[in-house]
Amino acid sequence: MKTADTAHNEGSSAFAKAGEPEYGAAQGQSRAAELELSGVSKRYAGQREAAIVDLSLTVPAGEVCVLVGPSGSGKTTAMRLINRLISITGGDILLGGRSVLERDARELRREIGYVIQQTGLFPHQTVGENIATVPGLLGWSKQRIGARVQELMELIGLDPQEMAGRYPAQLSGGQRQRVGVARALAADPPLMLMDEPFGAIDPINRARLQDEFLSLQAKVKKTIVFVTHDIDEAIKMGDRIAILRDGGRLAQYDTPREILIHPADEFVAEFVGADRAIKRLSLTTLDELQLMAPDGEKLGAARVPAKASVRDALSTILTAGGEAVTVVDAQDRVQGMLTLGLIEQLLSQEAAQPAQGADGADGAGSTDGAVARAVVEQTREAAR
Amino acid sequence: MTGALTPAIAAAGPVIPNYGSQSSKCVVHNHFFCTDWVSHNWGSILWPALRQHVLLTAIAVAIGFAISLALALAAHRYRVIERPTVLITTFLYTIPALALFELLVAPVGANIYSAEIALVSYTLLILFRNILTGLREVPEEVLDAAEGMGMTRRQALLRVELPLALPAIVAGLRIAVVTIIALATIVYTIYDKGLGVPIHAALGEGPFKTELIAAGGLTVLLALGADALLVLAQRALTPWARAKGG
């Protein structure tokens, strides 16, 4: 979807490049490795209930896997098992085909980017020094570190001249989070772990940071494990979503679309919300649709860009009234029209598709089309 | 140091210690403060006493800091060490200084060792508490990031924890230095060094005010100066602590 098709899996050979001076992430030689969790479990000593039970999933190189679930579902624990901040008690984790358990924990962590909610930036170090942390630990030359810091600051849209010497306390929350991402990317890790990276950011800036991060990911194409409790964020950020339930059990691991169309069970259906038909609309952008021909009579004042999601377009229809919006491209040229009927058609078509998972039978999916139609009906009512 | 009274001066005024042959009118009449006495006795009394005082303080704080740092690092890693350390250092801190000096004379002798042992024991509680607090106040997410990026324990300690604990550590040092500068004025009771010597001499020698004011004033100035130096050092070492707001 976002990056899967363009990702390259260099496997274990990716690690060998770490010491070579010639690579550079911005030149499109970014590394990414496949991550495989195989029967992973975690039981804390003295506790009856396991924190993670038999968790198996594979994240193809260059894809974003979102771990999502209610609190207590062990999503952060699962993430911290990967870089061995928490020790595993069963199963195995393979990064680029090689077990993380065989490796020296420090060496492993220096090859895994790590971003956390409160950023964890070192307050006593400047932005430049923060970004230079892992390259410094790896013993890169001063010159190479300097060039890398400059390159990364440009990548995250901070002026190196102006910002490199600032301390984290002098940055806005959004800037701090960007620096956190740059720091994690510094040594071009084949895998990044991100624990609710945008959780502490206000909603407006969060959406912007998410968009920025997605376009950044389109460039660097890292394998990413992204933890959040917010299903909307999961749908937006994830190539695949792993929904965990209480006690660290994997409820479903699938693409956002599949999860929304064919929730595996009641728990998943409830977790993604009764409005999952609406959520699904956010997965499709207008330029992916066969739009209606522009109709002079109906051509309304409401215009939406072709890059917008169907969900946003529906919202515009609701706000503006009427049954349709005009879709325009970046140059404000009319591309066609989106009508409520078209949205209804889209939802019904998707709901009719069989589940792609192994056990395709699902009761929740059959009601999905009805939900979709009800949503569109309600929108029609409101428009009148 | 107590010079003999010459008959001429004794006859001219009240009983004033004669520090040398050049006693001025100011000294003879025991005015509030005689600068000429100070300048005359600077090289022989005040400057040596001041230097000794600085040395007594510096040695005590340096040794106290080394011990406290080791104890705090141990307590930071192994929590069980904290309680007994606090207990012992608090106990040491509460022993009256005069009593402690005298107690040490029998086993150690009336020398610099007993003086320093006593002074060091008064720094421990302050420094241990402050260093440990500083280390504990390092935000958890910062430590998590340090570990998650692959720092060893030692690297995290040296590159992250200690630098971040520096403001609390310097705050402890400031209290300790000022405390020891004040306490060192009673070292004279067992060891004839420091600014306590002229202060004691002035107290014992009748109503002459200048020596008391000069030696006492030097003690206060030394404390203020040392404190100011530490503040400047902290500012230089922790530019980040003042960097707030964009």
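The values are calculated or read from the model by the stated rules, or taken from the named source; none is laboratory data. Computed from a prediction, not measured in an experiment: that's the story for all the values here. No Cβ is skipped: glycine too gets one built from the backbone with ideal geometry, and neighbour counts run over all protein chains shown.
Just one of the listed residues (A:S41, A:S71) is polar (S, T, N, Q), part of a strand (DSSP E or B) and either on the phi > 0 side of the Ramachandran plot or in the same structural domain as A:I224 (by TED's automatic domain parsing) (or both), and it is A:S41.
For the condition closer than 15 Å to B:R159 by Cα, touching a Lys or Arg at 6+ places or on another chain (Cβ under 7 Å) and β-branched (V, I, T), A:I156 does not qualify.
Can you give me the ranges of the helices (runs of 4 or more DSSP H) entirely in the stretch B:103-177 with at least 2 residues that are over 22 Å from the mean Cα position of the chain (by Cα) and within 14 Å of another protein chain (Cβ to nearest Cβ)? Talk me through it step by step, then tell me what you get.
Values: elements: B:112-136, B:140-148, B:153-156.
Result: B:140-148, B:153-156.
When the stretch A:340-355 is limited to residues that are buried (at least 17 other Cβ atoms within 10 Å of the Cβ) and touching a Lys or Arg at 6+ places or on another chain (Cβ under 8 Å), the one that is nearest to A:P256 (Cα to Cα) turns out to be A:E350. Only one of the numbered conditions (1) free of Cβ contacts under 8 Å to residues at least 60 places away in the same chain; (2) closer than 30 Å to A:Q118 by Cα; (3) not hydroxyl-bearing (S, T, Y) is not met by B:R136, and that is (1). Just to be sure before I move on: is A:T77 out of contact with any Leu (no Cβ under 7 Å at 6 or more places or on another chain) and either more than 24 Å from A:P256 (Cα to Cα) or more than 14 Å from every other protein chain (Cβ to nearest Cβ) (or both) in the structure I sent? Answer is no for this residue.
Among the residues that make up the stretch B:16-24, is at least one of them modelled with pLDDT of 70 or more and out of contact with any Leu (no Cβ under 8 Å at 6 or more places or on another chain)? Quick ask: steps written out before the conclusion?
Applying the first criterion (modelled with pLDDT of 70 or more) to the stretch B:16-24 yields B:24.
Still in the running and out of contact with any Leu (no Cβ under 8 Å at 6 or more places or on another chain): B:24.
Yes: one or more hits.
Has the stretch A:169-179 got any residue that is among the hydroxyl-bearing types (S, T, Y), within 14 Å of another protein chain (Cβ to nearest Cβ) and over 17 Å from A:D211 (Cβ atoms)? Within the stretch A:169-179, none of the residues are among the hydroxyl-bearing types (S, T, Y), within 14 Å of another protein chain (Cβ to nearest Cβ) and over 17 Å from A:D211 (Cβ atoms).
The residue that is nearest to the chain's Cα centre (by Cα), among those in the stretch B:70-96 that are closer than 18 Å to B:E161 by Cα and surrounded by fewer than 17 Cβ atoms within 10 Å (Cβ to Cβ), is B:A70.
Which of the residues that make up the stretch B:157-199 are of a type in the set (F, W, Y) and surrounded by fewer than 22 Cβ atoms within 10 Å (Cβ to Cβ)? Give the derivation first.
Pass one, the stretch B:157-199, residues of a type in the set (F, W, Y): B:188, B:191.
Within the stretch B:157-199, just B:Y188 meets the criteria.
From the list B:A202, B:A215, the lone residue that is without any contact (Cβ under 8 Å) to a residue 60 or more places away in the chain, buried (at least 18 other Cβ atoms within 10 Å of the Cβ) and small (G, A, S) is B:A202.
In the stretch B:217-246, the residue that is farthest from the other protein chains (Cβ to nearest Cβ) out of those that are of a type in the set (G, A, S) and under 22 Å from B:E137 (Cα atoms) is B:A233. Of all residues in the stretch A:192-207, those satisfying the criterion of being farther than 15 Å from A:F226 by Cβ and not in a loop (DSSP other than H, G, I, E, B) are A:P203, A:I204, A:N205, A:A207. What's the number of the condition A:Q161 fails, among (1) within 11 Å of another protein chain (Cβ to nearest Cβ); (2) part of a helix (DSSP H, G or I); (3) at pLDDT below 95? Status for A:Q161: all satisfied but (1).
Out of all the residues in the stretch A:214-263, which are of a type in the set (G, A, S) and under 22 Å from A:E49 (Cβ atoms)? Talk me through it step by step, then tell me what you get.
Let us first name the residues in the stretch A:214-263 that are of a type in the set (G, A, S), namely A:215, A:218, A:234, A:238, A:242, A:247-248, A:251.
Within the stretch A:214-263, A:A242, A:G247, A:G248, A:A251 qualify.
Counting only strands (runs of 3 or more DSSP E) that sit wholly inside the stretch A:208-284, those with at least 3 residues that are surrounded by 23 or more Cβ atoms within 10 Å (Cβ to Cβ) are A:223-228, A:240-245.
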